[in-house]
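The values are calculated or read from the model by the stated rules, or taken from the named source; none is laboratory data. Note that the structure is predicted; figures quoted are calculated from it, not measured. Neighbour counts run over all protein chains shown; Cβ positions are idealised from the backbone, glycine included.
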Amino acid sequence: MLKIAKERLNELYAKISETMGLFIPVNYAGEVNYKVWKEGAEVSLETLKTVKSPKNMFFPQTENMMKFKTEGKNIEIIDVRKDYKEEKPFVLFGVKACDYKAIEVLDKVFLAEPVDTYYQSRREATTIVTLACSKPEESCFCGVFGIDATAPQGDVTTWLDGEYLYWQANTEKGEALTALITALTEEGGEETVAGQRETTKAVLENLPFAKLDLSRFTPENLNDLFEAKEWEEMSEACLGCGTCTFVCPTCQCFDIRDFKTNEGVIRYRCWDSCMYSDFTLMAHGNSRTTQMQRFRQRFMHKLVYYPSQNDGLYSCVGCGRCVNKCPQRLNIVKVVKTLGGKKDD
Amino acid sequence: MIDETLIPKVGVITDIRKDTPDVKTFRVVGTDGKKLFQHMPGQCAMVSVPGVGECMFSITSSPTNEEYMEFSIKKCGCVTEVIHAMEVGQQITVRGPYGKNFPVEEDFKGKDLLFIAGGIGLAPLRSVINYVRHYRENYGKVVIVYGARSKDDLVDIEEIQTEWVNEPNTEVYLTIDRPQEGWDGHVGFVPSYVKELGLDPNMTAVLCGPPIMIKFTLQGLLELGFDKSRVYTTLELRMKCGVGKCGRCNVGDKFVCKDGPVFRMTELDELPDEY
Ligand SMILES: Cc1cc2nc3c(=O)[nH]c(=O)nc-3n(C[C@H](O)[C@H](O)[C@H](O)COP(=O)(O)OP(=O)(O)OC[C@H]3O[C@@H](n4cnc5c(N)ncnc54)[C@H](O)[C@@H]3O)c2cc1C
Ligand code: SF4
Ligand code: SF4
Ligand code: FES
């Protein structure tokens, strides 16, 4: 294990930024989000829940996909994709365990055949440096999904404790990044890290949502859960605003749209939400006409449909963003409590 | 850079047929004059008009046609209206093929086949029927029941009346919803016609058409003694990507674009009722 003195972190950021794009939680106008590091940036590594999750790095909120030039009856398609690995690799720094797991969830969608090359190009060009949590918040429940917040994976895992950032490379990409910054590192820290992990684990175990029971959310119960009468009441207050889907690190839905410009048509994709009424609208009807159905879709997808397609991996990582952000105080915790706690009947 | 399925190919419209007041069939080839890509019966493609939008359509021509692809398109909204206004020579974009095909090389082989279509539902079926005609010796008896609102709404009626009816070991039954001048064929809805025909329940059946027709026809077939595991249909949900990523067409643990659009009735029974 290596360690870097906290007062030298700016040197570390500067060193990485010489050759790579460094994305790191930065406080800007009172909101912390992953942004490109610049000298003077107010880095806030310890912020657990950035407003937007780091999925934005690989699956941006909007992204141009191609251009079309039309002349008379003819169409020319212009590929606007970039090879980020060739152009400029990235480092995504300070990712928490839940958000790292969420990237794994998205990988299974976007890297499945046929591979989404837009996502893949960014993903492959990125070295991910995770940061272990030492001060979990009350809305956190990553442990319910088997995530260890005290030792996230990633190309490099780091721990912040006392005067040092502790650093452990896990992959080839991680080793390469370590080689770049050796001048700033010293050996040591195993004991400090082990101690921090012990202390944090005790905190995690006693969080308010730590004991949520997922055992009823299995493919066998798919139709029973779908038919549950509780959905009506649970979804009654939902505004269909889509906030929960936009802040969620695992929500994958997107729209593809065309935009006319002076230089031709740009086809882009943007985040979409299953909470919106026109999401499933067709010329001859709509397969989900009520907000109850849309609400149910979001949670059934996370807790039953996705796991059923992906060997039991849930598509919620317990980051708690939807718990904090829903204007109506609806969230996945309430759903799990309402539908999950009925194992005995 | 490697291929990206979401980036389409340019296609050229080489022929347009007006089938019914609101359905036209478009023949499409690549800019090199060749077929854009290979497909299997029941698969679909995303067709787009840049600046207007992209829509999913069944590839209605048979895979055995080596020269071109055809789409039968019903005018019902922004994109389909613009396509209907197009002339021969106009370029569009196409990507695909998407979805699972009918099991023509597996479960259908050696079987007696019953095809039941309503309205534009003929589009996916035409591809299978012509495939079966091409490899006729691999399949048993073929029975086709096709209905539409009126005689003018029967898609591809010329091909049906001049070619399909003359195939060996093939029966074709046409019906329209209401009596009409110049029509001396059967009158009545598809589901009741199917029951009247007293079809052999050992056939493998394929149903395509509006959801309401599928529902009642299936009921009729079950009453006749058909087994759900040998009845197939296609689903139609809103689609954007076509490859199981954008989330649009999700029902239960399936994505219709990738796990369908062809489903066996027994598979549909396991899905939540949301399609
Ligand atoms: C698997 C599949 C196969 C299909 N095969 C055929 C076919 O062979 N022939 C045919 O005429 N039509 C077919 N359709 C329906 C066709 O995609 C829609 O009629 C078409 O998208 C309508 O687009 P629009 O822009 O003209 O209508 P609008 O109502 O203006 O469409 C607005 C938006 O809704 C979407 N949309 C509207 N209706 C549908 C729909 N029914 N299904 C999916 N998306 C829709 C469009 O993509 C568009 O983005 C098929 C649909 C699916 C899913
Ligand atoms: S659950 Fe809450 S955040 Fe999500 S759409 Fe409904 S009101 Fe908005
Ligand atoms: S559903 Fe809520 S708690 Fe779960 S990953 Fe998404 S935002 Fe986080
Ligand atoms: S159309 Fe995108 S998931 Fe099916």
- request: Look at A:Arg269 and say whether it is assigned to a strand (DSSP E or B), away from ligand 3 (no atom under 14 Å from the Cβ) and not assigned by TED's automatic domain parsing to the domain that holds A:Lys96.
  value: yes
query: Can we say A:Gly195 is away from chain B (no Cβ under 14 Å), of a type outside the set (A, V, I, L, M, F, W, C), part of a loop (DSSP other than H, G, I, E, B) and out of contact with any Cys (no Cβ under 6 Å at 6 or more places or on another chain)?
result: no
- request: Filter region B:164-189 down to the residues that are of a type in the set (A, V, I, L, M, F, W, C) and modelled with pLDDT under 90, then identify the one that is farthest from B:Leu122 (Cα to Cα).
  value: B:Trp183
query: Given the conditions (1) touching a strand residue (DSSP E or B) at 6+ places or on another chain (Cβ under 7 Å); (2) buried (at least 19 other Cβ atoms within 10 Å of the Cβ); (3) of a type in the set (Ser, Thr, Tyr), and given that B:Ser150 satisfies all but one, which numbered condition is not satisfied?
result: (2)
query: Restricted to region B:220-236, and to residues that are in contact with a Ser or Thr (Cβ under 7 Å, 6 or more places away or on another chain) and either charged (D, E, K, R) or crowded, with 22+ Cβ neighbours inside 10 Å (or both), which residue is farthest from the other protein chains (Cβ to nearest Cβ)?
result: B:Arg230
task: Run A:Thr245 past the list (1) within 11 Å of chain B (Cβ to nearest Cβ); (2) away from ligand 2 (no atom under 13 Å from the Cβ) and report the number of the one that doesn't hold.
output: (2)
- prompt: part of a helix (DSSP H, G or I) and among the aliphatic types (A, V, I, L, M): does that describe B:Ile212?
  reply: yes
All positions within region B:260-273 that are touching a residue at least 12 places away in the same chain (Cβ under 8 Å) and either within 9 Å of ligand 4 (Cβ to nearest atom) or not in a helix (DSSP H, G or I) (or both): B:Gly260, B:Pro261, B:Val262, B:Phe263, B:Arg264, B:Leu271, B:Pro272
- request: Just name the residue that is nearest to ligand 3 (Cβ to nearest atom) out of those in region B:37-79 that are of a type in the set (Ser, Thr, Tyr) and under 21 Å from B:Phe102 (Cβ atoms).
  value: B:Ser58
field: Spans of strands (runs of 3 or more DSSP E) in region B:71-152 with at least 3 residues away from ligand 4 (no atom under 16 Å from the Cβ), within 19 Å of the chain's Cα centre (by Cα) and not acidic (Asp, Glu)
entry: B:113-118, B:142-148
- prompt: What are the residues in region B:50-93 that are farther than 24 Å from B:Leu235 by Cα and either in contact with a Ser or Thr (Cβ under 7 Å, 6 or more places away or on another chain) or at the interface with chain A (Cβ under 9 Å from one of its Cβ atoms) (or both), if any?
  reply: B:Pro50, B:Gly51, B:Val52, B:Tyr68, B:Met86, B:Glu87, B:Val88, B:Gly89, B:Gln90, B:Gln91, B:Ile92
- prompt: Pick from region A:149-200 the residues that are more than 29 Å from A:Ala125 (Cα to Cα) and of a type in the set (Ser, Thr, Tyr): which of them is surrounded by the fewest Cβ atoms within 10 Å (Cβ to Cβ)?
  reply: A:Thr199
query: Got a sec? Which of B:Pro124, B:Pro50 is crowded, with 23+ Cβ neighbours inside 10 Å and over 30 Å from B:Ser150 (Cβ atoms)?
result: B:Pro50
- prompt: Within region A:265-276, can one find any residue that is in contact with a Pro (Cβ under 8 Å, 6 or more places away or on another chain) and within 12 Å of chain B (Cβ to nearest Cβ)?
  reply: yes
task: Write out, first by first residue and then by second, each pair whose Cβ atoms fall under 9 Å of each other, whose residues are 6+ apart or on separate chains, and whose first residue, in region A:213-235, is touching a residue at least 24 places away in the same chain (Cβ under 8 Å) while the second is buried (at least 16 other Cβ atoms within 10 Å of the Cβ) and of a type in the set (Ser, Thr, Tyr).
output: A:Leu214/A:Tyr314; A:Phe217/A:Tyr314; A:Thr218/A:Ser308; A:Pro219/A:Tyr305; A:Pro219/A:Ser308; A:Leu222/A:Tyr305; A:Leu222/A:Ser308
- prompt: Which ones in region B:34-51 are touching a strand residue (DSSP E or B) at 6+ places or on another chain (Cβ under 7 Å), of a type in the set (A, V, I, L, M, F, W, C) and away from ligand 4 (no atom under 16 Å from the Cβ)?
  reply: B:Leu36, B:Phe37, B:Val49
Output for region B:1-37, where each listed residue is over 30 Å from B:Leu154 (Cβ atoms), within 13 Å of chain A (Cβ to nearest Cβ) and among the acidic types (Asp, Glu): B:Asp3, B:Glu4
message: Yes or no: region B:67-76 includes at least one residue that is assigned by TED's automatic domain parsing to the domain that holds B:Ser48 and more than 13 Å from ligand 1 (Cβ to nearest atom).
response: yes
message: Checking the conditions here, which among B:Lys195, B:Lys254, B:Lys240, B:Lys228 is touching a residue at least 24 places away in the same chain (Cβ under 8 Å), closer than 30 Å to A:Ile256 by Cβ and basic (Lys, Arg)?
response: B:Lys240
- request: Residue by residue through region A:289-328, note down the ones that are within 14 Å of ligand 3 (Cβ to nearest atom), free of Cβ contacts under 8 Å to residues at least 60 places away in the same chain and farther than 12 Å from A:Phe217 by Cβ.
  value: A:Gln297, A:Arg298
- prompt: Got a sec? Which strands (runs of 3 or more DSSP E) wholly within region A:51-118 have at least 2 residues that are away from chain B (no Cβ under 13 Å) and surrounded by 15 or more Cβ atoms within 10 Å (Cβ to Cβ)?
  reply: A:90-95
